[in-house]
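The values are calculated or read from the model by the stated rules, or taken from the named source; none is laboratory data. Please read all numbers here as calculations on a predicted model, not as lab measurements. Every residue, glycine among them, receives a Cβ derived from its backbone with ideal geometry; neighbour counts consider all protein chains shown.
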Amino acid sequence: MGEAFFYQKNYQAAANAFAKRCSVPEPSEKWTEVWAHVYLGKIFDLWGSAPRAVNEYSKAKQPTTTPAARRKKRAPAEKNLSEAAHH
């Protein structure tokens, strides 16, 4: 749901949905928490809050339980973290 709000540019609703997703992920759906942090980082970037964006991107890069999940999240988190550092 957060992604739909994000693309509708309803960033507050998106942030709320992603924050909720970060708080209660199922172990088998850990990757959704990772993407929630990536999108939260993007939202904070759009709001001009680079420190909060960097914090979210850093959370997205934290280790997960499986190698496949780590590969899925690493590239977008690193790309956005790099872009946030240049703002």
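For the reader, a short list of remarks on this structure follows.
- Some residue of segment 73-85 being at pLDDT 65 or above, in contact with a Pro (Cβ under 7 Å, 6 or more places away or on another chain) and not polar (S, T, N, Q): no
- Looking at segment 1-65, the helices (runs of 4 or more DSSP H) lying wholly inside it that each contain 2 or more residues that are in contact (Cβ under 8 Å) with a residue 40 or more places away in the chain and under 14 Å from residue 80 (Cβ atoms) sit at 30-46.
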